[in-house]
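> I'd like to ask some things about the structure below.
The values are calculated or read from the model by the stated rules, or taken from the named source; none is laboratory data. Predicted model, so just to flag it, every value in this text is computed and none were measured. A quick note on method: Cβ atoms are made from the backbone with ideal geometry, for glycine too, and the neighbour counts reach across all protein chains shown. Only protein heavy atoms, including side chains, enter the accessible area calculation; ligands, DNA and RNA are left aside. Shrake-Rupley method; radii C 1.70, N 1.55, O 1.52, S 1.80 Å.
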Amino acid sequence: MSRVQFFTGQSKLLFAMVMLLSMLLVAYSPMASYSGAQSVEAAKLQELKQKAVKEIDRRINNLQTTLKKLEVDVHLDNKNASVTANGNSASVSANEDGVSANVEVKPDTKKKVEDTVKQFIDKLTAMKEKIQNVTTLQEMQSFAKSVDSQYQLDQMANVQGAVTKAVEGLTGVFDKLKTTISDLQSQVTKLKDCAKDANGSGCAALGDVTEGVATSAQSQLDSTSSIMSSIGSILLSVVTMLLSLVTSFSGLLGGLGSLSSLGDVSNLSSLSSMTGLFSSFTAISSQLDIGSGMGGSVSNILSSVSGLTGGFNF
């Protein structure tokens, strides 16, 4: 079925996003060697400016790539379903108010993340313009130190955006899997009914239905239940954690004042929490990796069920 094939592509995309997160979370200090520059020669000034601009362009490009991904919305099919906690597991239940906030990245959270990415792009663009107008090596060394010291802040904005998109991606995969399971269950139920009574309504058009095929298809569908429950539990965990981290990073930025006027932030005690934030985003990335693998397992099972039902004329 085309829908099942779609899930396989979604799972591969989510896996690729998780791998990207792993690379984003690797520590990097691109400008540290600049502070020791002593020469006041024009050639040295230009060299330092070029290196700083190149690094800023790299950060801007990464943020712009993340922003473009964030701006692509994930639409959910199951608007009347939610995942609710039940001990250490999760279950799907009806909800007239729509998909529960626990299992989706809410629009206001996503917008806050997008706005943060935009603010950092603007901040880096302004810094780039200032650097291009620098005329002395001493002033350039000061800017280079600022670029270096702000690396973790810039990286955090990018990681937060990438993780947010990856969480949204897993939510979309989970939603589509639920839709396909529901569609296939309807077909399997019909097969079971016709296996018991070949003269039932619409059974003649299906063809020769054996009880063995119907039983096998139902058994495979049933095996997805516990896996889907586990994915739901992961979603409950990562969405809740994501909201907390977005709030924490937003609060941290609020204490820094205007981003466009930031200089050397290496000695700011308020940034001591950055290590913990990175660790938490890494934990989300790990959970997404597990959820992505589970989604792939469900997709494979649904492909098998689709192979069984595909031979009948529904």
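> For the stretch 257-292, how many residues are in a helix (DSSP H, G or I), open to solvent by 40 Å² or more (accessible area, probe 1.4 Å), in contact (Cβ under 8 Å) with a residue 60 or more places away in the chain and not β-branched (V, I, T)?
Looking only at that region, the number is 2.
> Please list, ordered by first then second residue, the pairs with beta carbon atoms under 6 Å, 6 or more apart or interchain, first in the stretch 52-66 and modelled with pLDDT of 95 or more, second among the small types (G, A, S).
So the pair list comes out as A52/A144; T66/G161; T66/A162.
> Another one. Taking the stretch 220-234 as the search range and keeping residues that are among the small types (G, A, S) and within 22 Å of T171 (Cβ to Cβ), which one is surrounded by the fewest Cβ atoms within 10 Å (Cβ to Cβ)?
S226
> Turning to a different aspect of this structure: If I ask for residues that are in contact (Cβ under 8 Å) with a residue 60 or more places away in the chain and either touching a Leu at 6+ places or on another chain (Cβ under 7 Å) or open to solvent by 20 Å² or more (accessible area, probe 1.4 Å) (or both), which ones from the stretch 124-133 would you list? Outline the logic, then answer.
Of the residues in the stretch 124-133, the ones in contact (Cβ under 8 Å) with a residue 60 or more places away in the chain are 124-128, 131-132.
Passing the criteria: T125, A126, K128, Q132.
> Output the number of the condition that S146 fails; it satisfies all remaining conditions of (1) under 19 Å from F120 (Cβ atoms); (2) touching a Phe, Trp or Tyr at 6+ places or on another chain (Cβ under 9 Å).
(2)
> Considering T164, T180, which residue is at pLDDT 95 or above, among the β-branched types (V, I, T) and over 13 Å from L288 (Cα atoms)?
Working: T164 fails: over 13 Å from L288 (Cα atoms).
Checking each option against the conditions leaves just T180.
> Consider the stretch 67-90. How many of its residues are at pLDDT 50 or above and within 22 Å of A166 (Cβ to Cβ)?
Counting residues in the stretch 67-90 that are at pLDDT 50 or above and within 22 Å of A166 (Cβ to Cβ) gives 12.
> Which members of the stretch 235-256 meet the condition of being open to solvent by 40 Å² or more (accessible area, probe 1.4 Å) and either of a type in the set (S, T, N, Q) or under 18 Å from the mean Cα position of the chain (by Cα) (or both)?
S237, T240, M241, L243, S244, T247, S248, S250
> Residues of the stretch 205-219 being assigned to a helix (DSSP H, G or I) and touching a Leu at 6+ places or on another chain (Cβ under 8 Å), which ones?
L206, V213, A214, S216, A217
> Something else: Would you check which residues across the stretch 293-314 are surrounded by fewer than 12 Cβ atoms within 10 Å (Cβ to Cβ) and modelled with pLDDT of 95 or more and list them?
Once the filter is applied, which keeps residues that are surrounded by fewer than 12 Cβ atoms within 10 Å (Cβ to Cβ) and modelled with pLDDT of 95 or more, the stretch 293-314 yields nothing.
> Whether any residue in the stretch 202-219 is surrounded by 17 or more Cβ atoms within 10 Å (Cβ to Cβ) and touching a Gly at 6+ places or on another chain (Cβ under 6 Å) is what I want to check.
no
> Residue by residue through the stretch 277-314, note down the ones that are among the polar types (S, T, N, Q) and more than 29 Å from K165 (Cα to Cα).
Within the stretch 277-314, S304, S306, T309, N313 meet the criteria.
> Tell me whether the stretch 188-196 contains one or more residues that are open to solvent by 60 Å² or more (accessible area, probe 1.4 Å) and of a type in the set (S, T, Y). Steps first, answer last, please.
Looking only at the stretch 188-196, we keep the residues that are open to solvent by 60 Å² or more (accessible area, probe 1.4 Å), and these are 190, 192-193, 196.
Now drop any that are not of a type in the set (S, T, Y), which leaves none.
No, that holds for no residue.
> If you don't mind, another one. Of everything in the stretch 134-178, what is among the small types (G, A, S), open to solvent by 10 Å² or more (accessible area, probe 1.4 Å) and touching a Ser or Thr at 6+ places or on another chain (Cβ under 6 Å)? Give them in sequence order.
Once the filter is applied, which keeps residues that are among the small types (G, A, S), open to solvent by 10 Å² or more (accessible area, probe 1.4 Å) and touching a Ser or Thr at 6+ places or on another chain (Cβ under 6 Å), the stretch 134-178 yields S149, A162.
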